[in-house]
């Protein structure tokens with residue numbers, strides 16, 4: 001076998017982005033649209049396959065550094081590369097139908113690929129400088145993708161709001177990084193940990209940690225930097241909403257897990273700043289705000305946007321519980337839930353895109369009787385909704401159980417109790433979609449017209465994976481536990 005470079009998945013994503021632009025330049029005409037979409041989907045699939053191969057071959061079992069320690073190839077980076085690559089594949093396939101006939105199609109796919117590259121690099125970042133560069137590599141394409149439908153005023157407005165909040169959060173994060181550097185004299189995560197452990201640091205360091213946390217809260221759409229998400233997800237093309245709410249969120253959490261466990265170990269910094277206590281409070285507020293706001297929505301797309309905020313609160317439990325009697329299981333629980341969430345949430349947003357192509361509408365009332373016209377797609381959406389709520393029709397039940405049980409073992413019964421109440425509340429608004437599709441009658445007769453094949457296939461593929469992860473849950477958790485063990489060990 002030819003020995004591949006450790007960053008082969010990232011190289012593949014970047015090279016395919018350039019290939020898409022090259023094909024667009026040398027092959028003019030409308031026929032290239034489907035070709036560049038297929039190239040983008042194939043490229044993300046290859047990158048995902050490479051990451052899976054590395055995990056299977058044991059490449060990430062022992063962490064090793066790349067580029068003089070700026071990047072780290074281990075099970076954490078490979079785990080999240082598989083996740084973001086899979087989501088990007090589904091989004092690229094779905095976009096073949098969704099953006100057909102639009103202008104600048106090749107640029108659309110290139111931006112998706114470049115953002116995916118940034119997400120994969122963010123999961124591997126082992127330096128605060130690399131973290132910030134990767135965050136910007138994710139953010140800048142994302143601003144343009146949200147505004148891709150330039151003829152849609154809501155899309156342009158959402159992108160502007162996203163950009164303004166993103167610029168503010170980037171400024172907060174980079175200033176926090178400068179404070180950490182001033183206090184420790186280093187940007188490398190292990191070196192920061194050595195400086196923290198050798199001597200107590202002052203309040204400047206504590207402020208820097210909190211500001212760095214603020215940057216991650218923006219990327220993960222967590223309180224108090226959550227308010228951009230509903231506007232951006234609602235105004236963006238539905239495949240991009242799926243991309244940002246699943247892949248971008250996962251990449252942000254991946255970097256946060258590495259930074260706060262490696263650079264800011266709680267036993268060393270708790271005397272200066274107890275970030276785990278702050279994260280615990282934010283987890284409770286984030287999941288509560290997200291779910292209660294989702295329960296008040298009438299638009300399915302906006303409901304899913306607020307729901308994604310609620311799930312960010314669940315994932316934050318993994319960091320918060322590190323201050324208890326936690327081992328690597330609690331962090332692995334958050335990673336596993338992110339993995340499963342990536343497929344079921346992406347599938348739900350892609351179903352919304354499918355409904356848009358059918359010109360059904362976006363409200364719960366518009367979905368009435370949809371199951372009679374599209375039973376298979378409606379069944380897939382039912383799987384997504386119940387799995388997001390934690391009903392055992394998909395792997396969302398297992399991932400929530402794993403996360404909540406490990407947090408209870410760590411002594412965070414109060415936080416899990418809040419999460420369980422919020423999860424029960426989420427069943428209300430998720431079941432509204434199911435009820436509208438299967439039980440309610442439409443106000444008037446309607447027809448769906450032709451089915452966009454690629455988008456339909458992407459929805460079904462996400463549903464198959466969501467259900468299939470019930471059987472394949474152990475390999476996912478084993479990889480997550482191995483990744484968490486490396487971080488905490």
Notebook entry, point to check: Hey, does the range 126-134 have a residue that's touching a helix residue (DSSP H, G or I) at 6+ places or on another chain (Cβ under 7 Å) and under 30 Å from residue 450 (Cα atoms)?
Noted result: no
Checklist line | Residue in the range 137-152 that is in contact with a strand residue (DSSP E or B) (Cβ under 8 Å, 6 or more places away or on another chain), surrounded by fewer than 24 Cβ atoms within 10 Å (Cβ to Cβ) and in a helix (DSSP H, G or I) present | finding: no
Checklist line | Verdict on residue 393 being assigned to a loop (DSSP other than H, G, I, E, B) and in contact (Cβ under 8 Å) with a residue 24 or more places away in the chain | finding: yes
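For the subset of the range 125-136 comprising residues that are in a helix (DSSP H, G or I) and over 15 Å from the mean Cα position of the chain (by Cα), which member is surrounded by the fewest Cβ atoms within 10 Å (Cβ to Cβ)?
Start the filter on the range 125-136 by keeping residues that are in a helix (DSSP H, G or I), which leaves 128-136.
Checking which are over 15 Å from the mean Cα position of the chain (by Cα) leaves us with 128-133, 136.
Numbers: 128: 26, 129: 14, 130: 22, 131: 26, 132: 21, 133: 16, 136: 16.
Among them, the one singled out is 129.
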Check: How many residues are surrounded by fewer than 16 Cβ atoms within 10 Å (Cβ to Cβ), in contact with a helix residue (DSSP H, G or I) (Cβ under 8 Å, 6 or more places away or on another chain) and over 18 Å from residue 304 (Cβ atoms) when one looks only at the range 354-378?
Finding: 1
Notebook entry, point to check: Which residue out of 106, 40 is modelled with pLDDT of 95 or more, in a helix (DSSP H, G or I) and either in contact with a helix residue (DSSP H, G or I) (Cβ under 6 Å, 6 or more places away or on another chain) or over 28 Å from residue 186 (Cβ atoms) (or both)?
Noted result: 40
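Residue by residue, here is whether (1) under 19 Å from the mean Cα position of the chain (by Cα); (2) under 13 Å from residue 259 (Cα atoms) holds:
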residue: 179; (1), (2): no, no
residue: 182; (1), (2): no, no
residue: 186; (1), (2): no, no
residue: 193; (1), (2): no, yes
residue: 204; (1), (2): no, no
residue: 207; (1), (2): no, no
residue: 221; (1), (2): yes, no
residue: 227; (1), (2): yes, no
Margin query: When the residues of the range 157-209 are narrowed to those that are surrounded by fewer than 20 Cβ atoms within 10 Å (Cβ to Cβ) and outside any helix (DSSP H, G or I), which ends up modelled with the lowest pLDDT?
Written below: 200
Check: Of all the residues that make up the range 23-37, how many are over 11 Å from residue 105 (Cα atoms) and either in a helix (DSSP H, G or I) or modelled with pLDDT of 75 or more (or both)?
Finding: 4
Note to self: Yes or no: the range 324-335 includes at least one residue that is under 24 Å from the mean Cα position of the chain (by Cα), crowded, with 23+ Cβ neighbours inside 10 Å, closer than 16 Å to residue 308 by Cα and in contact (Cβ under 8 Å) with a residue 12 or more places away in the chain.
What the structure shows: yes
Note to self: Conditions first: (1) closer than 27 Å to residue 95 by Cα; (2) part of a helix (DSSP H, G or I). Residue 226 passes all but one, so which condition is the exception?
What the structure shows: (2)
Check: Out of (1) in contact (Cβ under 8 Å) with a residue 60 or more places away in the chain; (2) within 23 Å of residue 112 (Cα to Cα); (3) crowded, with 18+ Cβ neighbours inside 10 Å, what's the single condition that is false for residue 41?
Finding: (1)
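Among the residues of the range 77-96, is there at least one that is at pLDDT 90 or above, over 19 Å from the mean Cα position of the chain (by Cα) and either over 22 Å from residue 248 (Cβ atoms) or surrounded by fewer than 18 Cβ atoms within 10 Å (Cβ to Cβ) (or both)? Before the answer, list the steps.
Initial filter on the range 77-96 (at pLDDT 90 or above): 77-96.
Within this subset, residues satisfying the condition of being over 19 Å from the mean Cα position of the chain (by Cα) are 96.
Add one more test, that the residue is either over 22 Å from residue 248 (Cβ atoms) or surrounded by fewer than 18 Cβ atoms within 10 Å (Cβ to Cβ) (or both), and what stays is none.
Looking for residues that are at pLDDT 90 or above, over 19 Å from the mean Cα position of the chain (by Cα) and either over 22 Å from residue 248 (Cβ atoms) or surrounded by fewer than 18 Cβ atoms within 10 Å (Cβ to Cβ) (or both), one finds none in the range 77-96, hence no.
Scan the range 453-471 and tell me whether some residue there is loosely packed, with under 13 Cβ neighbours inside 10 Å and assigned to a helix (DSSP H, G or I).
Here is the first cut: in the range 453-471, the ones loosely packed, with under 13 Cβ neighbours inside 10 Å are 453, 471.
Remaining after also requiring assigned to a helix (DSSP H, G or I): 453.
Yes; the residues of the range 453-471 include at least one that is loosely packed, with under 13 Cβ neighbours inside 10 Å and assigned to a helix (DSSP H, G or I).
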Checklist line | Long-range neighbours under 9 Å by Cβ, at least six apart or interchain, first residue without any contact (Cβ under 8 Å) to a residue 40 or more places away in the chain within the range 275-287, second assigned to a helix (DSSP H, G or I) and buried (at least 22 other Cβ atoms within 10 Å of the Cβ) | finding: 281/320
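Quick check: is even one residue across the range 351-365 out of contact with any strand residue (DSSP E or B) (no Cβ under 7 Å at 6 or more places or on another chain), within 20 Å of residue 416 (Cβ to Cβ) and touching a residue at least 12 places away in the same chain (Cβ under 8 Å)?
No, because not a single residue in the range 351-365 is out of contact with any strand residue (DSSP E or B) (no Cβ under 7 Å at 6 or more places or on another chain), within 20 Å of residue 416 (Cβ to Cβ) and touching a residue at least 12 places away in the same chain (Cβ under 8 Å).
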Item checked: residue 285 vs. criteria part of a helix (DSSP H, G or I), at pLDDT 95 or above and surrounded by fewer than 20 Cβ atoms within 10 Å (Cβ to Cβ) -> yes
Notebook entry, point to check: Pick from the range 255-282 the residues that are part of a loop (DSSP other than H, G, I, E, B) and surrounded by fewer than 19 Cβ atoms within 10 Å (Cβ to Cβ): which of them is farthest from the chain's Cα centre (by Cα)?
Noted result: 271
Next item on the list: Answer yes or no: is there a residue in the range 428-438 that is surrounded by fewer than 15 Cβ atoms within 10 Å (Cβ to Cβ) and within 30 Å of residue 260 (Cα to Cα).
Entry: no
Margin query: Being modelled with pLDDT of 95 or more, surrounded by 15 or more Cβ atoms within 10 Å (Cβ to Cβ) and over 21 Å from residue 134 (Cβ atoms) is the requirement here; does residue 50 meet it?
Written below: no
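The values are calculated or read from the model by the stated rules, or taken from the named source; none is laboratory data. What you see is a predicted model; the values in this text were computed from it and never measured. Quick reminder, even Gly has a Cβ in these numbers, built from the backbone with ideal geometry, and neighbours come from all protein chains shown.
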